[in-house]
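Worksheet: one structure, shown below.
The values are calculated or read from the model by the stated rules, or taken from the named source; none is laboratory data. These numbers come from a predicted model, not from an experiment. Here the Cβ positions follow ideal geometry from the backbone for every residue, glycine too, while neighbour counts run over all protein chains shown.
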Amino acid sequence: MNKKNILAVLTLLLFGACQSGNKPLEQNETPKKPNVLFIAVDDLNTWLGCLDKFSNTKTPNIDRLANSGVLFTNAHCQAPLCGPSRASVMTGLRPSTTGIYGMTEDNNVRWKGNDATKDITFLPEYFRENGYYTMGIGKLFHKHAPDNVFHESGGRYKGFGPYPKERFVWDGVGTSDRKRYGKTSTDWGAFPEADSLMPDHESVNWVNERLNRKYDQPFFLALGILRPHVPLYVPQKWFDLHPLDSIEVTPYQPDDLEDVPPIALKINDLPMMPTTEWAKESGEWKKIIQAYLACVSFVDYEIGRALDALENSQYADNTVIVLWSDHGYRLGQKGTFAKHALWESATNAPLIFAGPGVPQNKVIDTPAEMLSIYPTLLELCGLPANNKNEGRSLVSTMNGEAEENAFAMTTFGYKNHAVKSGGFRYIQYEDGGEELYDHTVDPNEFTNEANNEKYKEQLNQLKGYLPKVNKKWDQHSAYKFQPYFVEQKERVNNEVQ
């Protein structure tokens, strides 16, 4: 073949590659790494169609995401409070390792006085350091994100509004000492008039616009959704999906807490939140649940908008999706309406992975931790492991490898821990008080079996998972809404360590 013919053949090959829209790989070039769509939802419990199906909850978009990937039904947060839970996911470290047990300003999660976090690489930063273009909007850390974590930040809307001129039902104070402990956003009702007035709608618009852009490198795109965090305000149309006469109330026994240690009662003392007894007497219980389900349906719709935008983009087949919540939420269980506890309803939350390298339509019931999000995303994206991660990748579990002695641990303040494993929940408090629940016969955790000799072996096994290191409270971390945690931080940090 002469030089002219060789040149013609090469030109045709190159033209064909360009026409197909694919750049030919060089001999030593590796395929482009998958993108990441990271969806964090605030206060979303397991009331999803693909999980509990509670009161005919309506979540078609989250359900379709679960059907396209792997759903972990037994996933648990590392702290039943948004600040420390999110700090744990983003640092890859347990609260007991960092001392971040309460709310911490985003820029103070990593500071020179905390030996555990002063040199830590946050999850989005790790992707940035490995060639990803990083973007984020909404509540991802406690408020949004530390400075310069993302190449491009959409920021966070202030507060959890919009708010009506006057509260509908609850003042956010209850019986608490307003001067010492402040008030919460807790309230419920139909407001505002349109989805477009909700901050989450604007956040999804921002994300969708970025999914329509072209990038010359893989991207990490994070979306923080505010609802169903209180106030439980969404437009009326979402309430209409959940008529009051269709609402169930949650399992509850008035004497449920008579067999728990006194310290558990201190932790569960939440004067700024409605009690279940008040909700029963006032006729508001079903209305609170209706409002929560309405918020979940709104959130599902907004997540669906983001999923649709991804599916209609050029990145549909090369994007790993993770959807998770920072903790569960109690709606009458154990006497109140709040997260703030080491019981199942406060720690169990959704965790879903989908995309390249993830099996489809798979449900896994073994315990998992939100702490595993960091190392799992690294493995799914072919990035080197971060040896500082305390969680373990869930990729092998998703691919069918059985994990012996799988467990999930939640921490709420200094030396208060819960362990979920083998169908049991074990709780140990800082003063040695204990709870043990057998979920095979008592899924609602009504009967504390900690003193039952029948369960001595299981109790001792679960106790073995407790952390060996328990850092005192980080000086920048605090939770001032609850008397117990204000007192605990002062006491623990004044003790000789």
Return only the number of the condition from (1) under 16 Å from the mean Cα position of the chain (by Cα); (2) within 29 Å of residue 463 (Cβ to Cβ) that residue 353 does not satisfy. (2)
Listed by first then second residue, the pairs whose first member lies in the stretch 81-96 and is over 16 Å from residue 469 (Cβ atoms), whose partner is of a type in the set (Asp, Glu) and outside any helix (DSSP H, G or I), with beta carbons under 6 Å and at least 6 positions apart or on separate chains, are 82/326; 85/326; 86/326
Restricting to the stretch 441-472, count the residues that are farther than 20 Å from residue 264 by Cβ and in a loop (DSSP other than H, G, I, E, B). 6
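Can you name the residue in the stretch 298-332 that is farther than 14 Å from residue 45 by Cβ and hydroxyl-bearing (Ser, Thr, Tyr) and, of all such residues, is surrounded by the fewest Cβ atoms within 10 Å (Cβ to Cβ)? Before the answer, list the steps.
Quick first cut of the stretch 298-332, residues farther than 14 Å from residue 45 by Cβ only: 298, 301-322.
Next, only the ones that are hydroxyl-bearing (Ser, Thr, Tyr) stay: 301, 313, 315, 319.
Working: 301: 20, 313: 16, 315: 22, 319: 20.
The residue in question is 313.
Answer yes or no as to whether residue 349 is of a type in the set (A, V, I, L, M, F, W, C) and either modelled with pLDDT of 95 or more or within 18 Å of residue 324 (Cβ to Cβ) (or both).
Numbers: of a type in the set (A, V, I, L, M, F, W, C): yes; either modelled with pLDDT of 95 or more or within 18 Å of residue 324 (Cβ to Cβ) (or both): yes.
Spelling it out, residue 349 is indeed of a type in the set (A, V, I, L, M, F, W, C) and either modelled with pLDDT of 95 or more or within 18 Å of residue 324 (Cβ to Cβ) (or both).
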A careful count of residues in the stretch 446-494 that are farther than 30 Å from residue 142 by Cβ, among the charged types (D, E, K, R) and crowded, with 19+ Cβ neighbours inside 10 Å gives 1
Just to be sure I understand the filter: pairs with C-beta atoms under 6 Å, separated by 6 or more residues or on different chains, first member in the stretch 440-458 and closer than 23 Å to residue 251 by Cα, second member of a type in the set (Phe, Trp, Tyr). Which pairs pass? 445/343; 445/437; 449/455
For the stretch 106-154, how many residues are among the aromatic types (Phe, Trp, Tyr) and within 20 Å of the chain's Cα centre (by Cα)? 5
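Does the stretch 312-323 include one or more residues that are in a loop (DSSP other than H, G, I, E, B), in contact with a Gly (Cβ under 6 Å, 6 or more places away or on another chain) and hydrophobic (A, V, I, L, M, F, W, C)?
Narrowing the stretch 312-323 to residues in a loop (DSSP other than H, G, I, E, B): 312-318.
From what is left, the residues that are in contact with a Gly (Cβ under 6 Å, 6 or more places away or on another chain) are none.
Checking the stretch 312-323: not a single residue is in a loop (DSSP other than H, G, I, E, B), in contact with a Gly (Cβ under 6 Å, 6 or more places away or on another chain) and hydrophobic (A, V, I, L, M, F, W, C).
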Does the stretch 52-64 hold any residues that are hydrophobic (A, V, I, L, M, F, W, C) and either crowded, with 23+ Cβ neighbours inside 10 Å or at positive phi (or both), and which are they? 62
Kindly indicate the residue of the stretch 246-272 that is aliphatic (A, V, I, L, M) and not in a helix (DSSP H, G or I) and also nearest to residue 176 (Cα to Cα) among those meeting that condition. 272
